[in-house]
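Only the coordinates and a few stated rules stand behind these numbers; no lab work does. Predicted model, so just to flag it, every value in this text is computed and none were measured. Quick reminder, even Gly has a Cβ in these numbers, built from the backbone with ideal geometry, and neighbours come from all protein chains shown.
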Amino acid sequence: MDDIGRHLLNPSYPLLKVEAPAEHRQITLDTKTFDRYVGQYRLGPNAILTMSREGDRFFTQLTGQPKFEVFAENDRKFFLKVVDAQLTFDVTAEGAATRVTLHQNGRDIVAQRMNDADIQHAGEEAAALAQRIKDKKAAPGTEAALRRTIGELQRGEPDYTQMSPQLADVTRQQLPQLKATMAQLGALQSVTFTGVGPGGADIYRVQFEHGATEWRIMLGGDGKPAGIGFRPI
């Protein structure tokens, strides 16, 4: 069940899963090439990918995660050595970056480049999240979405239209294992909110007939779950 929680927990944060990196051929680029990509990119709810340059080195950092150095494979494709992940930038005819695609765990997640207004809004969101964490206040709709999802998994009939595309893909892949695990847990007995995680996911203690679990759920801007995960406790 640990693996299920790790795979389902917020697919918008793929760098959480560390795997052996694949083989890539590193090349040397003019540092001016790096500068066109420096900035912030919206990867998901409360998830911003920040690209930065320090001298002749290029770095990426996902919200709530360490900073990792990235290495050039060509002038638009970069890779990490500490995790099996790659970044591909889209650019305009003038060479300005418009978005970046993160390739990891067999998925491609597109992040749009943020402008000044986006960055200001993200700062306001971060402040609101910090207050919600301090107040231990659940986001509206997370308990109802969690109860609905648990019921669907118990029946083996997830409503993929009520999930983000990334979460729907992961759920389809994991459904046989999820159905078996839910059958082992038995009937749902109680759902209790316990706090907010540093990434913004609401945390619930969920008691089943045959065991207690901790679930984390985050909703996207459309109110649909963007990430759900659980583990035994």
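Compute the helix-to-body angle for 116-135: its Cα long axis versus the longest principal axis of the chain, expressed 0 to 90° and rounded to tens. Taking Cα atoms only, the helix is inclined about 30 degrees. Between the listed residues 88, 130, 63, the Cα displaced farthest toward the positive end of the dipole of the chain, a dipole computed from Cβ unit charges relative to the Cα centre, is found at 130.
Listed by chain and number, the lysines whose alpha-carbon sits under 24 Å from that of residue 67, ignoring those within fewer than 8 places in the same chain, are 17, 32, 77, 81. If you line up the long axis of helix 165-185 against the longest principal axis of the chain, both from Cα atoms, how many degrees apart are they, to the nearest 10? That works out to roughly 30 degrees. Against the chain, whose longest principal axis is taken from its Cα atoms, helix 142-155 shows a tilt of about 70°.
When only C-alpha pairs under 8 Å and at least 6 residues apart count, what is the relative contact order of the chain, in percent?
Values: 432 pairs, mean separation 51.9, N = 233.
Reported relative contact order: 22 percent.
Rounded to the nearest 20 Debye, what is the dipole magnitude of the stretch 15-128 about its Cα centre when Lys and Arg each give +1 and Asp and Glu each give -1 at the C-beta? Don't skip to the answer; put the middle values down first.
Numbers: 14 positive and 17 negative charges, 36 e Å.
So the dipole magnitude of the stretch 15-128 works out to roughly 180 debye.
Taking every DSSP helix (H) stretch of at least 4 residues in the chain, weighting each as -39,500 (n - 2.57) and dividing the sum by the residue count yields a mean residue ellipticity at 222 nm of -9000 deg cm²/dmol.
Ignoring aspartates and glutamates fewer than eight residues from residue 179 along the same chain, the ones with Cα atoms less than 18 angstrom from its Cα are 2, 3, 152, 157, 159, 169, 209, 214.
The tail of the calculated P(r) for the stretch 26-178 beyond 18 Å holds 66 percent of all Cα-Cα pairs.
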